[in-house]
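I have placed the structure first, in the form of structure tokens, so that the comments after it can refer back to it.
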Ligand code: 8YV
């Protein structure tokens, strides 16, 4: 493919967009950064050789039907549950993602949420901004200690491991975890305890942090019965995918204080966030910015470029998904 036609679905860090345009002659950038609808995504798959989507572009099986010109989907993001990769494979399309480079930034976000939820930082910030703060008093906005508590990691891959290290070495937390896989990433926390089930982690931990992939296999894994397994003093942190949690059941648990609080960066049906969650004080809500640092988003976009170059030069892309 000498002169591939390339569609980029969203704006990228400017220097990397420049590099993309320098390397390839036929690049269609999304100047306005407006999300492409299903018809536009289908048209891109039909008319372009390469589509470079992001984690916010839903590409279900029906978009791969009919005439397809695309041969390569270079996803900007590690999660690829938004793409029906089986349908892509059937259509003969190679899909890649961007693992590794966003591990530390996303783990930082999980810790941000954990600390904000435990120390009621969102509530405090809203109080100061609204002019309602009346001064120091012994019972004002009492939160929960983080140091010395137990963190439960569900999904001990790269990001789960990076959170475990931060929690353990930075905050003196004990680590318990569960992972469906037989082997887990080298997390480096020698006294981390592997438990036998999701439920055991939920029952044991003071902070539960989710790090499994989204999609069918884990849909609504954290549902009402599992939320009831958590301690009333415990917090749930989600930087994985929104559909891993039953949002309605979570809002009920937070409202009824059957758990103490939550910190969320991801939602089912983004960018909509249910009113039921937005109305609660004991949940910290971030707009899916886990990997949103200049350094990390630059590294992610460069990784998409590397994958694209591999593909176009006939090599197996370094982080090929299918
Ligand atoms: C997120 C992501 O920022 O790459 C992905 O798949 O969604 C990340 O960029 C993170 O997982 C959510 O906190």
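Remarks
- For first residues located in the range 138-164 and on the phi > 0 side of the Ramachandran plot and in a loop (DSSP other than H, G, I, E, B), partners that are modelled with pLDDT of 95 or more and within 16 Å of the ligand (Cβ to nearest atom) and lie 6+ apart or on another chain with Cβ distances below 6 Å form the pairs 155/211; 155/212.
- Some residue of the range 15-30 being in a loop (DSSP other than H, G, I, E, B) and farther than 20 Å from residue 98 by Cβ: yes
- Of the residues 313, 270, 281, the single one that is out of contact with any strand residue (DSSP E or B) (no Cβ under 7 Å at 6 or more places or on another chain), at pLDDT 95 or above and within 16 Å of the ligand (Cβ to nearest atom) is 270.
- Residues being closer than 25 Å to residue 146 by Cα, in a loop (DSSP other than H, G, I, E, B) and modelled with pLDDT of 95 or more - total across the range 191-220: 8
- The residues on offer are 101, 95, 51, and the sole one that is part of a strand (DSSP E or B), within 16 Å of the ligand (Cβ to nearest atom), touching a helix residue (DSSP H, G or I) at 6+ places or on another chain (Cβ under 8 Å) and in contact (Cβ under 8 Å) with a residue 24 or more places away in the chain is 95.
- Residue within the range 73-80 that is touching a helix residue (DSSP H, G or I) at 6+ places or on another chain (Cβ under 8 Å) and farther than 27 Å from residue 211 by Cβ present: no
- Elements of the type strands (runs of 3 or more DSSP E) sitting completely within the range 234-322 and holding at least 3 residues that are on the phi < 0 side of the Ramachandran plot and surrounded by 20 or more Cβ atoms within 10 Å (Cβ to Cβ): these cover 235-238, 261-264.
- Among the conditions (1) out of contact with any helix residue (DSSP H, G or I) (no Cβ under 9 Å at 6 or more places or on another chain); (2) buried (at least 18 other Cβ atoms within 10 Å of the Cβ), residue 136 misses just one, which is (2).
- Of all residues in the range 83-91, one or more are over 21 Å from the mean Cα position of the chain (by Cα), crowded, with 20+ Cβ neighbours inside 10 Å and not in a strand (DSSP E or B).
The values are calculated or read from the model by the stated rules, or taken from the named source; none is laboratory data. Computed from a prediction, not measured in an experiment: that's the story for all the values here. Cβ: placed from backbone, ideal geometry, glycine included. Neighbour counts: every protein chain shown.
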